[in-house]
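Working notes, beginning with the structure itself.
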Amino acid sequence: MGDTPASDLESNKGSPKAENDSELDRRPFGGLEFQVSEVVGRLEAVVNAQDAPEEEKKPEPRKMSCGFFEPEESSMDEILKVLEDLVIKTDPNSECLEPPLLPTDAVTRAAILSHSIAALFGRLERSHAMRLGAHIASETTRWMAHMFRLVDYNAFYHQDNMEGLVRVTRMLLHHRYPRYLEDGALAFSNRLPCIYSCVASPLVVVQHLCRQLSLPLACVRPVPVHPSGRGMDTEALERLCEEDVAAERTPLLVLGEAGAAPLGCGSALRPLAALCRARALHLHLRGHALALPAAIATQETYSVPDSVALTPGPWFGIPGLPTVTFYKIPEAVTANDHSKSVSTGAGREGALAALAGLCGGARLPALALWASIRAAGARRLARALHAAFRSAHAVRALLAARGLRILSERPGGDEPPNVDIVDAISQASACVAFQFAPEGGEGGGADKPPPYYDKLNSWLGQVLQREADMITIEVCESESHGVVLRYCPLEGRGVGGVSGAEAEGEALAAWAGVLDAQLQVLHATVALREPFRRRLQHHPCLRLVHVPGWAGLGGVRYVGEGGGEGASAEELNALNRQLVDTLRLTDGAFSCGDGDDGMDCIRFGMVTADTDVEELLELVVAAGREVEDSSRALTDMTEVLKKGIEEAQAELERDAWQEGLLTTTETKVFCGVLSLWSVK
């Protein structure tokens, strides 16, 4: 606080320095800025200390308190020390070189600081806080609308990504069902609302929406994918609307996507919006392609969707930013008695906002975004988005040059000046989805690869995540394409705290080198897989085993020269486990696995182009014979030892019997001698 020099703090670089401690105390926030900066810096120093001695890095055993306890009064320094220890002890990757907290810059610190200021504003009077929050939200809405080229929208700021969609849907229910406020779910029991979502979209979105609003899942109407495989089929959507109207249902909401995960696909916005206007449907749009208008040099605006969800936190790489839902108030308002009493003379916007809960109240949900935009500047944020799209372009070109199947649309950011902004959003993708697939299957519309390629793509993704972390790769699964690898710079680690992971220059070259090495291994493994199976037939002591989830060359089981006849499952398992231990002394690519029959087997890992399959099999056969011979010799030796032990035991028993017999004879002789002596 007062004893912290202002010149030592990054967050005060752009503002006049405080001359003394009393001046800090007279400021509205006192030393809050410096306290937060000091706390953040202290936590970063703890978790990012990589040059500490090994004995200092070892985490202490976590002390758990049992039963109830009453915390005693502690200083802030003691509280921070406990928090530092907890950060280290609760880290699941304590041995990982990457610290759990990423370094922060001035923009990220501004976002963190704003949360403390928002908590401080809670001490203001409610009316004062509401006026302050309305002013900050109004400025932020103007900036965001201008940056992303939106016009004629209101904005709602929220922390949960889907809260805005829930509020908008509640607003629509109040609008289309006048008795919804009084009757709740009974208001639409006779005329069910319909929510249309593409079958390729995540099911969790509509499930969350129905649970939050107590709607039955029967309200959800899945719309087929367009025959081209891109987005929602508008003709099928129109047929579903006609069926619902004929069945006395109420078409309510269409969930559209623009560059949505996992493949970055989107619907054609213009025909979709035209259909929604004709059918009185509310069009809600989400997806990473909505960031495109801020990344291209255009002043053209658009207002095609009725509501839009923007996620500036992941896009800018700044933690703690709210999600922004831009929405339009429906034109025709169906008011009821309660809504009139709520907003007498306040107008339709205030009534619907009160009914739908779109007012922020005394909170300041937009403050973090407001502070971050001011700290970074709109131009810097726009450059960050442009760099993210440029990064996706570079990675896509690199992957296409190596013959990988590209499943996503072309990333935006380089559209000609004469392209309409709505069409640019419809056609663009903010990610690169790709996979290793059989030759002759290039293109997003190709057939689904065989199941074995799912294992290969999973292996490739794991290797890239482990050995080439300069570019963040996500492994996901698509129903139509199987396992897919995905690069999305708008979801990756920020560069300087305000942009996606920029894959250019040395980072891109290093990543390409790792990728090329793994692709050579993949191509060699696929090419040698069939020769491996053919050569295996020439070795009767080996059996081919199917190993679920294994991406290597294959699995075999050594059964011996007799084909495993007369050997129990336990004996075969023990033999193959011992064989794997012997083989691993020669090559670490061998491992022990479980076949689909539940028995142990020998797994062959990934191979290179210069691998001799016959030599590998001969190695296994020779090692198997050696293990089998040693096992047989050990068995024979065991039998010899057992027989020797039995003979020794018999000899001991025989000696013991003879010793007992001798003792009895001597006793009789001695007794006879005594009797003769007594007679004499």
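The values are calculated or read from the model by the stated rules, or taken from the named source; none is laboratory data. Predicted model only: the values in this text are computed from it and were never measured. Here the Cβ is made from the backbone with ideal geometry for all residues, glycine too, and neighbour counts use every protein chain on show. Note: accessible area is taken over every heavy atom of the protein model, side chains too, but ligands, DNA and RNA are not part of it. Shrake-Rupley method; radii C 1.70, N 1.55, O 1.52, S 1.80 Å.
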_Restricting to the range 153-179, give me the number of residues that are assigned to a loop (DSSP other than H, G, I, E, B) and not basic (Lys, Arg)._
7
*With respect to the numbered conditions (1) surrounded by 14 or more Cβ atoms within 10 Å (Cβ to Cβ); (2) closer than 30 Å to SER480 by Cα; (3) modelled with pLDDT of 90 or more; (4) not charged (D, E, K, R), which one is the sole condition not fulfilled by ALA218?*
(1)
*Given the conditions (1) surrounded by fewer than 17 Cβ atoms within 10 Å (Cβ to Cβ); (2) within 37 Å of the chain's Cα centre (by Cα); (3) over 23 Å from ARG466 (Cβ atoms), which single one is not true for THR608?*
(3)
*Go through the range 285-305 and give me each residue that's assigned to a loop (DSSP other than H, G, I, E, B) and farther than 14 Å from VAL422 by Cβ.*
ALA297, GLN299
*asked:* Being open to solvent by less than 30 Å² (accessible area, probe 1.4 Å) and more than 26 Å from GLY229 (Cβ to Cβ) narrows it down to one residue among ALA185, ALA155; which is it?
replied: ALA155
*Close pairs from the range 241-264: first hydroxyl-bearing (Ser, Thr, Tyr), partner open to solvent by 50 Å² or more (accessible area, probe 1.4 Å), Cβ under 8 Å, at least 6 apart*: THR250/ARG176; THR250/ARG191
*asked:* I'm trying to understand the selection: among the residues of the range 454-489, which are in contact with a Pro (Cβ under 7 Å, 6 or more places away or on another chain), surrounded by fewer than 22 Cβ atoms within 10 Å (Cβ to Cβ) and closer than 13 Å to PHE436 by Cα?
replied: GLY482
*List every residue pair whose Cβ atoms sit under 6 Å apart, with the two residues 6 or more apart in sequence or on different chains, where the first one lies in the range 283-296 and is modelled with pLDDT under 95 and the second, anywhere, is of a type outside the set (Gly, Ala, Ser) and open to solvent by 10 Å² or more (accessible area, probe 1.4 Å).*
GLY287/GLU257; PRO293/ARG149; ALA294/MET147; ALA295/HIS386
*asked:* Tell me the residue from MET147, MET171, MET130 that is open to solvent by less than 20 Å² (accessible area, probe 1.4 Å) and either of a type outside the set (A, V, I, L, M) or more than 22 Å from VAL254 (Cβ to Cβ) (or both), please.
replied: MET147
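The rows are residues; the columns are (1) among the aliphatic types (A, V, I, L, M); (2) on the phi > 0 side of the Ramachandran plot; (3) open to solvent by 10 Å² or more (accessible area, probe 1.4 Å).
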residue	(1), (2), (3)
GLN518	no, no, yes
LEU522	yes, no, no
VAL526	yes, no, yes
ARG529	no, no, yes
ARG533	no, no, yes
GLN537	no, no, yes
PRO540	no, no, yes
PRO548	no, no, yes
ARG557	no, no, yes
*Sort through ALA623, ALA574, ALA567 and tell me the only one that's surrounded by 12 or more Cβ atoms within 10 Å (Cβ to Cβ), at pLDDT below 90, over 33 Å from the mean Cα position of the chain (by Cα) and not in a helix (DSSP H, G or I).*
ALA567
*From the list LEU213, LEU165, which residue is within 19 Å of PRO330 (Cα to Cα), open to solvent by less than 70 Å² (accessible area, probe 1.4 Å) and at pLDDT 90 or above?*
LEU165
*asked:* Which condition from (1) open to solvent by 50 Å² or more (accessible area, probe 1.4 Å); (2) assigned to a strand (DSSP E or B) is the one that GLY593 breaks?
replied: (1)
*Within the range 312-331, work out how many residues are under 27 Å from the mean Cα position of the chain (by Cα), open to solvent by 10 Å² or more (accessible area, probe 1.4 Å) and of a type in the set (A, V, I, L, M, F, W, C).*
1
*May I ask you to list pairs of residues, at least six apart or on different chains, whose Cβ atoms are under 8 Å apart, with the first in the range 461-474 being under 16 Å from LEU519 (Cβ atoms) and in contact (Cβ under 8 Å) with a residue 60 or more places away in the chain and the second being aliphatic (A, V, I, L, M) and open to solvent by less than 60 Å² (accessible area, probe 1.4 Å)?*
ILE471/VAL395; ILE471/LEU464; ILE471/ALA501; ILE471/ALA503; ILE471/ALA507; ILE471/LEU508
*Is it fair to say ALA261 is open to solvent by 20 Å² or more (accessible area, probe 1.4 Å), among the small types (Gly, Ala, Ser) and at pLDDT 85 or above?*
no
*So, of the residues in the range 97-152 that are in a helix (DSSP H, G or I) and aromatic (Phe, Trp, Tyr), which turns out to be modelled with the lowest pLDDT?*
PHE121
*What number of residues within the range 117-155 are small (Gly, Ala, Ser) and under 25 Å from HIS282 (Cα atoms)?*
4
*asked:* Given (1) modelled with pLDDT of 90 or more; (2) within 26 Å of GLU257 (Cα to Cα); (3) open to solvent by 30 Å² or more (accessible area, probe 1.4 Å), identify the lone condition not met by PRO202.
replied: (1)
*From the list PHE590, PHE604, which one is touching a residue at least 40 places away in the same chain (Cβ under 8 Å), under 15 Å from THR525 (Cβ atoms), out of contact with any His (no Cβ under 9 Å at 6 or more places or on another chain) and among the aromatic types (Phe, Trp, Tyr)?*
PHE604
